1. Order these peptides, 15-21, 113-119, by their mean beta-carbon neighbour count within 10 angstrom, highest first.
2. Rounded to the nearest 0.05, what FRET efficiency is calculated for residue 168 and residue 101 with R0 set to 30 Å and r the Cβ-Cβ distance?
3. On a 0 to 90 degree scale, rounded to 10, what angle separates helix 121-135 from the longest Cα axis of the chain?
4. May I ask you to sort 180, 85 by Cβ crowding, counting other Cβ atoms within 10 Å and putting the fewest first?
5. Could you list, bin by bin from short to long, the percent of Cα-Cα pairs of the stretch 7-72 in 5 Å steps?
6. Could you please rank 154, 142, placing first whichever residue has the fewest other Cβ atoms within 10 Å of its Cβ?
7. What is the order of 175, 3, fewest Cβ neighbours within 10 Å to most?
8. Tell me the angle of helix 179-193 to the major Cα principal axis of the chain, expressed in degrees between 0 and 90 and rounded to the nearest ten.
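Nothing in this text is a laboratory measurement; each read-out follows from the coordinates by a stated rule. This structure is a prediction, so every number in the text was calculated from the model and none was measured. Cβ placement follows ideal geometry from the backbone for every residue including glycine, while neighbour counts extend to all protein chains displayed.
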């Protein structure tokens, strides 16, 4: 089932824009430097195939960083998302190293395949665990939603559809988490534990 996210390292900086070939179609995608957060980066939609790509924030670190990895999205049915999640090499590596909680903050994005509603990463990770447990007959996974919207998203995913338009496919990105992002996440979590 594993479909690894496609990526491209070919990109050009021209007139304040980054231009790159869409990882999933022949179109060229552009994003202005102003749109790119220096840490988080930005997700952009291809005007051709409507898939989403992640441009990392490290692009702003140098005028022309070599081989920047722009990660494309893949389409995954909600009913297969848990399998995809646990089989994805980036995610399984983080799980094996005990760092899967990093995905709550960066590296995992999913959008409805029709209305582009974005599902929070915390909901996606919890949904994967709950779905996997249910498939093995080990029910009883409790999800404690932080907001009414995340509770609505979890209920919809468990029912196999988008919470906004009832579509049953996701557009998903999973990226490696760069060291500069890891450092920011770790610092912010350490600050939280001091209080």
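1. Ranked from most to least packed, the peptides come out as 113-119, 15-21.
2. Numbers: r = 28 Å, r/R0 = 0.93.
Computed FRET efficiency for residue 168 and residue 101 comes out at 0.60.
3. Relative to the chain, helix 121-135 is tipped by roughly 40 degrees.
4. Numbers: 180 13, 85 26.
With the fewest neighbours first, 180, 85 line up as 180, 85.
5. P(r) over the stretch 7-72, rounded to whole percents: 4, 20, 34, 28, 11, 3.
6. Ranked by crowding around the Cβ, least crowded first: 142, 154.
7. By the 10 Å Cβ count, ascending: 3, 175.
8. Relative to the chain, helix 179-193 is tipped by roughly 50 degrees.
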